[in-house]
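What follows is a single structure, written as structure tokens, with notes after it.
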Amino acid sequence: MYLKSLELTGFKSFAKKTELSFNTPITSIVGPNGSGKSNTAEAFRFVLGEQSIKSMRGKRTEDLIWNGSPEMGRSNRASVKLVFDNRKRLLNLDVDEVVIERVIFRDASSEYLVNGSPVRLRDIVELLAGAHIGSSGHHIISQGEADRILNATMRERREMIEDALGLKIYQWKREESEKKLEKTDENMKQVASLRREIAPHISFLKKQVEKIEKTKQLKEELRALYGEYLKREHAYIAVSKEKIAEEEREPKQELAELNDRLIASKKILEETHGKDEKTKAIIAIEEKLNGLRKERESLSREVGRLEGEVAGAQRLQKIRGTMESDSVVIPLSEVEGLVRQIDSVSVDEDERDAGILIVTIGRIKEAMHTFLERHRRKKDQGAEDVAKEIESLAEKKKEVEQKLREVREAEKNAQHEEYALRTEIDKEKDSSRDAEKEVFRIMARQNELHGALNALRVRAHELEHLEGDFKRELTEGVLLIGREILEYEKVELKDEKGETLNPQAMTLEDRALQEERRRKVEKLKIRIEDAGGGSGAEVLKEFQEATERDQFLAREITDLEQSAETLRNLIIELEQKLDEEFRGGIEKINAEFQNYFSLMFGGGSAKLAIAKPEKKIRREVDDLLDGGEAAAVAASEDTEQETGIDIEVNLPRKKIKALMMLSGGERALTSIALLFAMSQVKPPPFIILDETDAALDEANSKKYGDMIENLSKYSQLILITHNRETMSRAGVIYGVTMDKSGVSKLLSIAFDEAVAVAK
């Protein structure tokens, strides 16, 4: 026995808790009309998940709940509980007893429970489908529906047979697979759409990345060239400074000695020729020349300094123009000042409430915004300040150059005047000529030494220019490449023999080669600036993320395509399985149908045939179209129509083959034969027959009873009947009565126990 009991509480006329136990193969439920016995069959439909209120003789959900009577108030809920013996694992649950319960409330809400745990309706349906049980179908035949399978359309008849054959589970799997396939196709379209949307962005980013990669290559090339250039330049400047300092040492020492000798000679001249106006004049001219030389040297250095400053300002202007528009250099001291300002904002322990904290946070935000706004203005002013500085330096340079030209002109005039005086003095032949000649020799030597020193100063001035350029190159290198460029001293240079070069050896190289390196460096810097000198970290990150996103979507499409192909194959397999199981089941049903039909009618034949339903519009189409077109339409319709089940009967001693020609009793016998045949192929655990024998006469009732006894060997039977012959085959009879309050009650008779008592 699979079915143990049925419990009703508040369901229709069963206002109070009522339990029916099923411990015999055949259980009969009897009672007068209107007592509520058919409500038990509807309770089975209800608890097994039936959703049609109409099929349970109601219009609304409330119609299924006890509605009250003068003696008993109405219920707010109705519940039906069905208990299965699951020791043979009829249901796919690893427990020995399964309790399925359904509860409804007057607000139309409903809940399902399995062994007391809430579940979905779908879970109930799938659980029961494995045991060939459903809310309606071949195993629950209610009053007035005995010949439902005969009245049904061919398609509806097919569905009932598929239910009897246990094919619903395959249909649900196929429908679920089709829904999944539809969802998968939709997902594929969405993913493909996403890929199309990001493709232009990836293409744009790819071009940007190519520019950034090109810039990186240029920077690597520049870094390698910069290292050698800077190390050689630094060595040249350092060694040249040492050489100039060494070469200046002896002339300066000799000038000091000559100056002492000149003072002594001048003293002699002053003593002997104190009134010599020409001597005084030439001495004054020499002093004037010395002053002019010093002023000229000072002005030359000033011109060089201004040229360096102008060049530096122009390079800075160029660098700022190539840097990102939102970049600005903030001195460390100003950042430290901001930190000190924020640190000064404090809150005492006893003042840490919400208001003070909000004010404090506001002060901090105000300080941050003020700092940011100040440096935004500074960023905007930076370019204007550099331009103004270049203009101011250029103007100063013009003024100094003008002064330098004037000083050179004055020096030239003083030299001409000195030459004229010397010529006159050389003509004089007096005793003071020796001292004067000594003075002249000393001054001539001084001039030579000053010339040599001036040449050295010019070289030193050139070195200052080179050093300024060197420092600016370092600054530009840091901006373009990074601070690692400052480690140029670690670069190791080797000669043709592979020996490491020292600074002195580096200076022996022709300066034209170093100048060529400088030009290459400048070209690389210009190319880097044209390509966009930024690091492009954000672009690279965005490109990587977009590429990874596109690759992920591509993998998603591949996975979805594989899933779709798997689902299509599964649908084909399920359809093949359905067709095979259905056709095999029809053959088995036909064999049993023929046996039961012959038993019922004493001969004849009956069978189920797979056929396609005819359409009324076919004739109209044939009338409107020519033969070829009509055939094409008919062929397309045949492919689209689904097959159904037709019933062919041949009664003995009658020429009746159509179902519509059968009498009421013959229809009842035919439907019973077919239902019993269906239940024999894959016997359900229980069958409920609600007055299916009402139209049978006494002779056929006996045949019906014999078939019931045979059928009870495979399935439990719950019979709702008025037929005495049918009652006699039951092991337990439940009598349903209804008192004045309208509540259905049960009385039971166990025939086995009654026989034992009688004996």
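Miscellaneous remarks
- Across the cross-link table entries Lys81/Lys703; Lys4/Lys607; Lys318/Lys398, which are compared at the Cα atoms, the separations over 32 Å belong to Lys81/Lys703; Lys4/Lys607.
- For Ser5, residues with placed amide H under 5 Å, excluding near neighbours: Phe22, Val83
- Segments 648-654, 113-119 sorted - mean Cβ within 10 Å per residue, highest first: 648-654, 113-119
- Calculated FRET efficiency, Arg653 to Lys588, Cβ-Cβ distance, R0 = 45 Å: about 0.95 to the nearest 0.05.
- Sorting the segments 336-344, 733-741 by their mean number of nearby beta carbons within 10 angstrom, highest to lowest, gives 733-741, 336-344.
- Amide H contacts under 5 Å for Gly735, placed H, 5+ residues apart: Val30, Leu747, Ser748, Ile749
- Note that region 193-210 has calculated 3J(HN,Hα) couplings of 5, 4, 5, 5, 5, 8, 4, x, 5, 5, 4, 4, 5, 4, 5, 5, 5, 4 Hz, one per residue in order, obtained from phi through the Karplus relation 6.51 cos²θ - 1.76 cosθ + 1.60 (θ = phi - 60°); glycine and proline are x.
- Cβ-Cβ FRET estimate between Arg511 and Arg549, R0 fixed at 45 Å, reported to 0.05: 0.25
- Full extension of the chain segment joining Leu194 with Glu424 gains 72.6 nm, where the gain is 0.36 nm per residue of separation less the Cα-Cα distance.
- Our estimate of slack between Glu399 and Leu372, defined as 0.36 nm per intervening residue step minus the Cα-Cα distance, is 5.7 nm.
- Each of the peptides 448-461, 297-310 was scored by the mean count of other Cβ atoms within 10 Å over its residues; in descending order, highest first, they stand as 297-310, 448-461.
- Estimated FRET transfer efficiency (Glu247, His201; beta-carbon r; R0 45 Å; 0.05): 0.10
- Full-extension gain in nm, Thr737 to Glu97, via 0.36 nm per residue minus C-alpha separation: 227.4 nm
Quick note: the coordinates plus some simple rules give every number you see, no bench work behind them. Since the structure is predicted, the reported quantities are computational estimates derived from the model, not experimental observations. Here the Cβ is made from the backbone with ideal geometry for all residues, glycine too, and neighbour counts use every protein chain on show.
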